[in-house]
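Trainee: Here it is, the structure in full.
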Ligand SMILES: CC(C)(COP(=O)(O)OP(=O)(O)OC[C@H]1O[C@@H](n2cnc3c(N)ncnc32)[C@H](O)[C@@H]1OP(=O)(O)O)[C@@H](O)C(=O)NCCC(=O)NCCS
């Protein structure tokens, strides 16, 4: 049975919260409150496997030509099955629909993003807006995440 991607719905908020919180506690994702998730639910996509949500990701618009992939995560038992790439494809399709040519992410999963057509870039090339979320991050003064970018053709 293949996994499928769909837009997230308000009913998914609790599951999204739990999944993101799990990764936030490991220091690999920024936490998102239920309130924020509810407000931003339109920006989220989820992956379902057998009717169960096993992954999520979101797109945050940072300017007229730039979006950021955020909160991309796959449930532990479902990693390595192509579901993360499927979510990235779906977020990239959304960026194309919005005619936004640049998609970036801040990540520790560099090889995964490279396999998905991204390149490593200097963080300094991005505008100030990229860093507004970092105020919520424990590592903001010593950020070791890598910036990756894919320019859509
Ligand atoms: C990173 C993550 C989203 C990848 O999702 P996934 O469903 O496991 O990845 P896929 O199965 O689609 O993998 C696609 C390719 O990337 C490779 N890949 C995946 N994770 C990798 C890793 N950690 N290191 C190296 N390669 C990796 C896979 O081997 C695969 O290569 P292939 O096409 O040659 O087989 C998932 O591992 C995850 O949830 N990680 C924790 C949260 C996180 O760090 N998210 C990123 C925040 S920006």
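Trainee: Output the residues belonging to the range 90-107 that are loosely packed, with under 13 Cβ neighbours inside 10 Å and not in a helix (DSSP H, G or I).
Mentor: Once the filter is applied, which keeps residues that are loosely packed, with under 13 Cβ neighbours inside 10 Å and not in a helix (DSSP H, G or I), the range 90-107 yields 98, 99.
Trainee: Across the range 25-48, what is the total count of residues that are surrounded by 18 or more Cβ atoms within 10 Å (Cβ to Cβ) and assigned to a strand (DSSP E or B)?
Mentor: 4
Trainee: Filter the range 42-68 for residues that are more than 13 Å from the chain's Cα centre (by Cα) and without any contact (Cβ under 8 Å) to a residue 40 or more places away in the chain; which is farthest from the ligand (Cβ to nearest atom)?
Mentor: Result: 64.
Trainee: Moving to a separate point now. Looking at the range 69-84, is at least one residue under 10 Å from the mean Cα position of the chain (by Cα), within 9 Å of the ligand (Cβ to nearest atom) and in a helix (DSSP H, G or I)?
Mentor: yes
Trainee: Kindly evaluate residue 87 against the criterion of being more than 10 Å from the ligand (Cβ to nearest atom), within 16 Å of the chain's Cα centre (by Cα) and part of a helix (DSSP H, G or I).
Mentor: Answer is no for this residue.
Each reported figure results from applying straightforward, stated rules to the coordinates on display, with no laboratory input. As the structure is a prediction and not an experimental result, all values here were calculated from the model. Cβ atoms come from the backbone with ideal geometry, glycine included; neighbour counts cover every protein chain shown.
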